[in-house]
C-alpha cells in the first residue's frame, strides 16, 4: 500500500452523513431521558416520581452498558455494522412509539430496559463504523463534527416541547422521525471509501514500527481521563441549576437553559478548529490534555465565583472546554485501540465511562455538598480534571 493512499482521506460526504447520524443517536436518547420518561413517571408515580426516575435511570444505565458491549462484539464477529444499525433503529423506534401503552411503573422499568437494549444495538455498531471508515489523519476533523451531536440533542428537546404543538404520543413520533431522518442517509447513501489498514486484523497487519499511541498504557490513560471528565460533566449537568442559585437566586431555569445552549453551540467551532489542528500537526492527544487543564481552571473559577457574571463566565470556560474534550476524545479513542477486529467490543468498554459517572456522582455530591458546600465539590472536580490532563500530557507529546 503506498504512502499516498495511506494519507488519503475519507469522502466529505461520508464524514458529514456520519456526523448527522451521530447527532441522530443523541436525539434518540436526550429528549426521552430528560423530558419524556420523567414526565410519564410523574403521571404514574405522583409524589414518589423522583425515586422511580432514579430506579429507571439506574436499571437503564446498567443494561445499556452491557448491551453496548454485546452488540459491539457481535458487530465485530459479523463484520457488518450496517445491519446492526438498521435493526437497532427499527426496534428502538418501534419500542419508543409504544411507550403510551405503558400504564404501570413496573412495566415502565421493563420498557426502559428493552428500549435501552434496542438503542444500543444501533449506537454501538454506529460508533465502531467510524473506526472502520475514517483514517487517523482525519480523526480530529471527525471529532469536531461530532460536537454537533449534543447541540442537536438539546435542540430536539426544545422542538418537542414547543407549547401546544405536540401531546405525549406526538412527542414520541417526533423523536422517532427525527432519529430516522438523521440516521437513514448514512445507511442509504454513505458508501465510505475502504481503508484496508483500518479493518485488517492486528495479527495480519504489515510490519511497521510500533505506534506508541496504541499501547495498553495509553488505552488505560484514555479510559481513565474520560471517566474523570465525565464525572465532572455529570455532576454539573445534574446540579448546575442549584449551583447557579447558590451564587444568585435570580438565576432561574430559563437562564440556565440559555447558558447551556450557548456553551454547547460555542464548543462546535472550537472543536472543529482543534480537531483540524490535531490532524495537521499529528498531535491527536495534545488538545485533549489542554482541554482537561482548561476545564480544571473553569472549575476553580466556579469555586470562587461570587457574582452572576463570574458564575456564568467560569461555567462557560468549563463547559466549552469539557465539551470539546469529549467530542475529540470520542474520535481519538478510535485511533488508540490496538485491535481493529475487536473495535466494537472495546468501544463498549469505553462506553462505561459514559454510564459509570451516573453511579459515582451522587455519592460524591452527597458526601461533600451538605457538609462543605458547592466550593468543595468544585475543588474536588477540578482535581479530577487536573489528573485527566496529566494522564494525557505525556501521551500527547508522542508522534
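Any read-out appearing in this document is the output of simple, stated calculations on the displayed coordinates, not a laboratory observation. Small disclaimer: the values here were computed from a predicted structure and weren't measured. As a convention, Cβ positions derive from the backbone with ideal geometry for all residues, glycine included, and neighbour counts pool all protein chains shown.
Starting from the Cα gyration tensor of segment 275-341, take the square roots of the eigenvalues, sort them a ≥ b ≥ c, and report rounded, prolate or oblate (rounded when a/c is under 1.5, otherwise prolate if a/b is larger than b/c, else oblate).
Cα axes put segment 275-341 in the prolate bin.
Sketch the reach of a paramagnetic label on residue 306 as a point 7 Å from Cα along Cα-to-Cβ, and name the residues of segment 217-244 whose backbone nitrogen lies under 18 Å away.
Answer for segment 217-244: 244.
Describe numerically, in nm with one decimal, the distance between label points set 7 Å from Cα along Cα→Cβ at residue 238 and at residue 297.
2.9 nm
Quick one: grab Rg to one decimal and Dmax as a whole number for segment 341-380, Cα atoms only, in Å.
Here Rg and the maximum Cα pair distance are 15.2, 49 Å.
How much FRET efficiency would the formula 1/(1 + (r/R0)^6) give for residue 107 and residue 339, where r is the Cβ-Cβ distance and R0 is 30 Å, rounded to 0.05?
Computed FRET efficiency for residue 107 and residue 339 comes out at 0.15.
Per q in 0.10, 0.17, 0.18 Å⁻¹, report the Debye log10 I(q)/I(0) for segment 9-200, using one uniform scatterer on each alpha carbon and no solvent.
Each listed q maps to, in turn, -0.42, -1.10, -1.20.
How big is the shadow of the Cα convex hull of segment 212-396, averaged over all directions, in nm²?
10.4 nm²
Based on the Cβ-Cβ distance from residue 90 to residue 349, what FRET efficiency comes out when R0 is 35 Å, to the nearest 0.05?
Rounded to the nearest 0.05, the efficiency is 0.85.
So how many Å³ per residue does the convex hull of the Cα atoms of segment 38-96 work out to?
69 Å³
At each listed q (0.14, 0.16, 0.29 Å⁻¹), what is the log10 of I(q)/I(0) that the Debye formula gives for segment 220-286 modelled as equal alpha-carbon point scatterers?
Those come out to -0.63, -0.76, -1.16, one per q.
Please state the equivalent ellipsoid semi-axes for segment 1-115: what are the square roots of 5 times the Cα gyration tensor eigenvalues, largest first, in whole Å?
The equivalent ellipsoid of segment 1-115 has semi-axes of 37, 15, 13 Å.
7 Å from Cα along Cα→Cβ at both residue 34 and residue 58: what's the point-to-point distance in nm?
Each label point lies 7 Å from its Cα, and together they span 2.4 nm.
So, in Å, what gap is there between the alpha-carbon centers of segment 295-357 and segment 370-397?
Distance between centres, Cα-based: 12 Å.
Which of rounded, prolate or oblate describes the chain when judged by the alpha-carbon gyration tensor and an a/c cut-off of 1.5?
Taking the square roots of the gyration eigenvalues as a ≥ b ≥ c, the chain is oblate.
Work out, step by step, the length gained on full extension between residue 173 and residue 97: first 0.36 nm times the residue separation, then minus their alpha carbon distance; give nm to one decimal.
26.8 nm
Tell me, in nm to one decimal, what length is gained between residue 281 and residue 188 on full extension, where the rule is 0.36 nm per residue of separation less the Cα-Cα distance?
30.1 nm is the gain from fully extending residue 281 to residue 188.
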